[in-house]
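Throughout, read-outs are computed from the coordinates displayed, never taken from laboratory work. Since this is a predicted model, take the numbers as computed values, not measurements. Backbone-built Cβ (ideal geometry, glycine too); neighbour counts: all protein chains shown.
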Amino acid sequence: MNSLSGLWEKLLKFLDDEYDTNGRYYEHTEDFIDLDDYEKKCFDYLIEILNSKGKKIILFFDNFGQLFLDNLKEKEKRRLREILMQCNDIRIIGASAIVLQDLHDYSQPFYEFFQVVHLDGLSKEETYQLIERLQEGCEHKIDLKKNKGKIDTLAILTGGVIRTLMMVYEVLLDDQDGSALSDLELILDQVTPLYKHRIEDLPIQQRRIVDVIAKRWDAISAKEIATEIREDGKRMQTKLISAQLAQLEKNNVVEKKQTNTKNHLYQLKERFFNIWYLMRNGDRRDRRKVKWLTKFLEMWYDDEESIETFLERHILRLKSGGYNAKSALLLAEALADINKINPIILDNLMEATSAILNEDQRSQLNIGEKKLILAIKSYKDQDLKKAIYILEKTKEKINSHKLVLSFFYFLDKQIEKIGIELSALKNVDLEDLDFVKQLCILSKDPNLMIDVMSNSSKIEQKKKELAIGDVYFELGDYELAEKHYNKAVEFGEITPYKPLSTIYSYRGDDSYAEELLVSGLKEGVVEPSDVLEFYEFHLDKEPREKIREIVELMPKDDPYFNFYKGLDIFRSEKIKSKKFGEAKGYLEKALVDFDKIKVRDLRFTQLISNLLLFNIQIALDKIKLKEILERFEEAEIAPPFLKVHSAFGYILLGDYKRAFELMSLNQVIKDSIEFDGQRDNFNDTLLLFMAKNQHHLVFDLFSKNENLKEALKPTYYALMTLLKEEYPNEIIKMGEELTQPVSDILTKIEEMKEEYK
């Protein structure tokens with residue numbers, strides 16, 4: 001339908017059929033041929049007939065924009081607008097899968113002319129009714145009551161779009177030979193003109209945004225979209241993304257999913273449009289072509305039993321012959337990504353699928369990679385035996401299979417088998433070197449490393465010597481480690497300063513150990529943080545000036561810069577000074593840096609400890625204190641003395657239960673009795689409990705441990721003084737020599753009441 005006059009001609013033909021005129025109405029238009037007002041004459045004649053019949057016409061237009069409005073000339077659009085405004089005999093109801101720009105462009109004749117009704121997709125209940133109707137008279141039916149979940153899935157997958165729902169239902173519901181997925185390709189071809197037009201009509205920036213959203217499949221935030229789009233080497237601004245998303249939402253291309261924050265999520269509104277995009281614009285490397293199918297199957301078979309039943313039937317069909325190979329390949333790739341499936345069944349599926357594929361398709365399936373994925377998946381599911389079984393029955397094992405299998409043998413305490421797998425490695429390269437090294441260390445056999453290195457031509461001799469040296473080093477054989485490190489140096493490798501430094505420090509030569517690290521620092525192969533760590537933990541007297549010199553040399557974006565800068569100020573300033581607050585600022589920045597690179601070593605413990613102490617002693621900022629305590633709990637690396645600091649913090653927050661739990665830990669109590677420093681911290685925390693009137697919690701701690709009562713006797717009798725009405729006979733046991741210490745403790749408790757209100 002490409003002209004207004006063509007529309008009137010079409011309607012006249014319709015009336016000829018309706019009133020069985022043998023074509024008289026349409027033939028009458030011959031009288032208007034070659035007249036300048038041909039279209040007007042046809043329209044007037046049409047209205048004349050309608051009036052004579054006492055009828056009106058309602059036109060139902062599918063794809064109203066694409067198949068009609070877009071084809072009209074500007075003059076015809078204005079003429080149609082005039083007709084619709086003045087003539088009551090014709091009304092139009094149009095449908096469009098895309099937003100018509102003519103309706104939103106001020107310069108166009110139909111700007112805000114039509115009443116627009118946005119049609120929502122069918123609900124799950126309405127989808128259920130539609131499927132029920134579709135199945136009437138069908139030979140193959142599904143039990144609607146038992147398969148309510150599957151129907152819900154169809155509603156989700158198609159977005160409730162009836163046309164799409166019917167196509168997908170017919171294709172996927174009864175797939176006996178794998179042809180359904182081939183048929184799906186035909187369906188995608190049918191919708192391609194519509195969807196292609198939908199994409200190409202978008203401005204370029206919106207097109208790029210849709211590309212990111214579609215390929216993610218799951219809902220995504222504006223901020224996440226911004227990280228994927230660059231313009232001239234710069235990331236697209238989030239506020240610009242948000243503005244474009246608002247327009248896409250208005251045009252029904254995307255839907256916004258509200259969150260409880262300002263960062264809402266966005267998804268393509270019509271899920272089948274998303275499927276089409278993935279299938280037509282995805283690439284194999286990113287597995288986008290099967291991502292949608294994976295999601296579908298996960299929803300369709302919503303429990304392990306139902307999907308495994310499907311798989312068993314599917315494997316039988318594969319083995320019976322005649323199954324479509326292309327569909328089998330697509331299904332195998334999709335099913336491999338579903339976590340709820342038993343890996344052994346998936347392994348059987350891969351074998352059965354591989355058997356019906358040609359050589360090219362088999363290479364696409366990459367069964368070796370799939371076997372490795374399945375084995376690792378079993379391991380993650382804590383089924384080590386299953387993981388080992390899958391790799392052991394892999395026919396053509398490559399190096400990655402042997403390495404992972406060796407690791408699984410170690411976990412399963414089959415140490416004797418590790419040597420067999422490592423000895424069978426073929427010409428390992430640098431990429432595998434670290435893994436091999438770790439396996440030799442785990443099996444405590446440096447000779448394995450020597451054997452593997454002797455069979456590799458891809459690795460330089462100097463790197464082989466370094467790797468062998470590393471194995472000896474990790475196993476504590478410093479003499480042989482040094483021997484191989486020196487060989488590496490002879491072959492031209494840069495001196496392994498750090499491990500050699502450790503060796504000399506172990507021998508008591510801290511001076512040469514320091515010299516090695518400083519030389520490595522100058523050469524650029526030792527990190528400043530390594531030297532600083534040495535100063536922190538290896539020398540009796542801390543060389544503060546040297547530490548400061550190195551810290552000042554560090555780049556400001558070095559993750560350890562803020563840590564050591566803050567630590568230095570923290571140690572050198574008085575608690576109440578302004579500089580102490582500056583130190584806290586550096587340490588808080590260091591915490592952010594450590595999170596980025598996932599540092600969880602002794603320095604992280606120091607960092608958390610100092611921040612905790614600062615927030616306890618100085619700031620008394622309860623929000624900050626709560627945050628740092630939560631971080632401390634997450635880290636799960638706190639030694640006993642730091643758990644006491646945590647308990648102190650929880651008391652300040654009023655969480656006496658959690659504080660008591662930490663103080664009750666056996667190791668905390670044991671260390672508090674044995675070590676003077678920790679005993680003081682533990683005692684201060686008990687006094688804070690008492691300052692907060694939590695006397696009975698402290699009494700419980702003393703009651704459960706007689707040794708604690710002996711170690712902190714003055715505090716115990718200070719408690720008994722406060723509880724003398726309940727336990728009048730206990731205070732009598734106190735010796736005269738404790739009178740003053742107990743009095744001092746009671747005074748301190750009163751002071752703490754004021755200090756920690």
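Work out the FRET efficiency for GLN667 and ASP509 from their Cβ-Cβ distance, taking R0 = 41 Å, and round it to the nearest 0.05.
Calculated transfer efficiency: 0.75.
The H on the amide N of TYR266, modeled in the peptide plane, is under 5 Å from the matching H of ILE220, SER221, LYS257, each at least 5 residues off or on a different chain. Checking every one of the trypsin sites (Lys or Arg not before Pro) in region 341-421 against DSSP loop status and a limit of 12 other Cβ atoms within 10 Å picks out LYS393, LYS395, LYS413.
Pairs with C-alpha atoms separated by more than 18 Å, drawn from the list LYS556/LYS626; LYS402/LYS463; LYS393/LYS417; LYS370/LYS393; LYS370/LYS417, are LYS556/LYS626; LYS402/LYS463; LYS370/LYS417. In straight-distance terms, cross-link reach from LYS239 covers every one of the lysines whose alpha-carbon lies under 19 Å from its own, apart from those fewer than eight places away in the same chain; here that gives LYS223, LYS250, LYS256, LYS257, LYS262. The chymotrypsin sites (Phe, Trp or Tyr not before Pro) of region 1-95 include none that meets both conditions, a loop assignment by DSSP and at most 13 other Cβ atoms within 10 Å of the site Cβ. Taking each of LYS522/LYS624; LYS234/LYS584; LYS377/LYS670; LYS546/LYS598 in turn, the alpha-carbon distance tops 32 angstrom for LYS522/LYS624; LYS234/LYS584; LYS377/LYS670. Can you return the aspartates and glutamates within cross-link range of LYS596? Criterion is Cα-Cα under 17 Å, with same-chain partners fewer than 8 residues away left out. Candidates past the 8-residue exclusion: ASP557, ASP558, GLU588, GLU634.
Classify region 395-441: rounded, prolate or oblate, from the alpha-carbon gyration tensor (a ≥ b ≥ c, eigenvalue square roots; a/c under 1.5 rounded; otherwise prolate if a/b is larger than b/c)? Since a/c reaches 1.5 but b/c is at least a/b, the shape of region 395-441 is classed as oblate. Take the Cβ atoms of ASN88 and LEU411, set R0 to 60 Å, and the FRET efficiency comes out at 0.15.
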